[in-house]
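*Asks:* Here it is, the structure in full.
Read the figures in this text as sums done on the coordinates, not as results from a lab. Computed from a predicted model, the values in this text were never measured in an experiment. When we count neighbours, we look across all protein chains shown, and the Cβ atoms used for this are built from the backbone with ideal geometry, even at glycine.
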């Protein structure tokens, strides 16, 4: 993708645009060929690459966990079973430490979130040109398209649509269990009468309303912001490879160092998303708020 026909800014822009399918300004449906056309497609456009990799990584996670479950033995466990058991125990300890209610959904949901978000974040360690270049060559061969018009992002969590989607799913579950556990009156009472009592209802509604709405927003933007910044740094490092031998060699060291450091970031972001989900579910089940 780093062609001589592309400037540095064009190269960066190309890597940060999703493979978008939608309706253009003339009313025709198809894939966007420019960043401007992708943005004009509006709310109902589909980011095909983000959805594709989200589904593929979910299927990979499901496959290996199912494989570990089918081969589980009380005897000497294999490497996969050991890894899965360690991960399950880690998530179970996190749930026990943060969730005081009783809900059999919370632990499996926390495990799914941690594993899925981690795998999506892990795609950030794939060299930035490999998969986009393969997608460009494939698109050019199948659709006779200009390779520069084939966009392909491979890190789903750098797409706010994906992070907002997961955060909103957690948010609606939190609302559902808040009403189920406390009743509609109890849920609305928390919004109206906390924290200053019934005589300060307007202030309470503003404070609690902002607090409630901020949960999915902060949950999604925290993950998106960290992963988007990390991917941008990898792209900037990739540009250095075309700036001569000295800068290219330095870029190799930078890429290795940032990749090692980024392993901590992608794991930490998956853990934070999981932990906040558990905490929000605990708040939804708490009757003494």
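*Asks:* What ranking, highest mean first, results for peptides 22-28, 57-63, 221-227 when packing means the other Cβ atoms within 10 Å averaged over each residue?
*Replies:* 221-227, 57-63, 22-28
*Asks:* For the pair residue 249 and residue 265, how long in nm is the line joining their label points, each one 7 Å along Cα→Cβ?
*Replies:* If labels sit at residue 249 and residue 265, their model points lie 2.6 nm apart.
*Asks:* Right, next: Report the calculated FRET efficiency for residue 52 and residue 169 (r = Cβ-Cβ distance, R0 = 22 Å), to the nearest 0.05.
*Replies:* 0.70
*Asks:* If I model a spin label at residue 44 and residue 229 as a point 7 Å from the Cα along the Cα→Cβ vector, what separation in nanometres do I get?
*Replies:* About 3.7 nm separates the two model spin labels.
*Asks:* Rg and Dmax of segment 68-220 over Cα atoms: what are they, in angstrom?
*Replies:* Taking only Cα atoms of segment 68-220, I get Rg and Dmax of 22.4, 69 Å.
*Asks:* Also, I was wondering about something else. Rounded to two decimals, what is the ratio between the C-alpha radius of gyration of segment 53-93 and 2.2 N^0.38 Å?
*Replies:* For segment 53-93, the normalised Cα radius of gyration is 1.26.
*Asks:* Projected area of the chain, taken from the Cα convex hull and averaged over every viewing direction, in nm²?
*Replies:* Averaged projected area of the chain's Cα convex hull equals 20.5 nm².
*Asks:* Among 180-187, 196-203, how do they line up by average Cβ neighbours within 10 Å per residue, starting with the highest?
*Replies:* Most protected by this proxy first, the peptides run 180-187, 196-203.
*Asks:* Taking 7 Å along the Cα-to-C-beta vector as the label spot, tell me the residue 217-residue 279 distance in nanometres, rounded to one decimal.
*Replies:* 1.8 nm
*Asks:* Let me ask another. Counting only helical runs of four or more DSSP H residues, what would the 222 nm mean residue ellipticity of the chain come to if each run contributes -39,500 (n - 2.57) and the total is spread over all its residues?
*Replies:* Rounded to the nearest 500, it is -24500 deg cm²/dmol.
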